[in-house]
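Q: Got a structure for you, written out below as structure tokens; questions coming shortly.
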Amino acid sequence: MSKILAGDNIQEIIVKMSEGNPGAINVMCVIIKDAPLIDPQDTMPYGLGKLMNLDNYNIYGSSIYVLFNDKCHCDIRKFIILLRACQFGFLLVKKLQDMATDQMGEVNLTDEEWVDLDIKVCNHLLDFAPSIPTQSTVH
């Protein structure tokens, strides 16, 4: 059941969604700050669309933190790719939920799966921020 209500402000949404987990609070603050730059085609301002996605997928508290920290390696762009990939049907919501609740490191995406989702999301959203090449990929 959704936690976000129509009249909630950002602070109320963060408190509800975080379930008191400081890591989740941090992730949601990063979403609010960076999502508009990474995904300018989101119809909701201030990254609220991403928070609503998490709510719709029943991902709260420590699961938000696990997804960001353990699965996306603190890369907010990857985190947003996962949410958009589910939204567009490129990734099953069940897989995302399993990743978010996996504290044993057993449910992950391969490098090839990450690249595939990145390409699909960027092809679907032409204004989505491109990945930044690392030193090892620059020639």
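FYI, it's all coordinate maths here, none of it is from the lab. Note that the coordinates shown come from a computational prediction; the quantities given were computed from them, not determined experimentally. Cβ placement follows ideal geometry from the backbone for every residue including glycine, while neighbour counts extend to all protein chains displayed.
Q: Just checking, how many residues over segment 37-60 are touching a helix residue (DSSP H, G or I) at 6+ places or on another chain (Cβ under 7 Å), buried (at least 17 other Cβ atoms within 10 Å of the Cβ) and either at positive phi or of a type outside the set (A, V, I, L, M, F, W, C) (or both)?
A: Of the residues in segment 37-60, 8 are touching a helix residue (DSSP H, G or I) at 6+ places or on another chain (Cβ under 7 Å), buried (at least 17 other Cβ atoms within 10 Å of the Cβ) and either at positive phi or of a type outside the set (A, V, I, L, M, F, W, C) (or both).
Q: Kindly indicate whether residue 2 is small (Gly, Ala, Ser), at negative phi and surrounded by 18 or more Cβ atoms within 10 Å (Cβ to Cβ).
A: no
Q: Now for a different question. Going through segment 18-62 one residue at a time, which ones are of a type in the set (Asp, Glu) and touching a Gly at 6+ places or on another chain (Cβ under 6 Å)?
A: Matches in segment 18-62: 19, 42.
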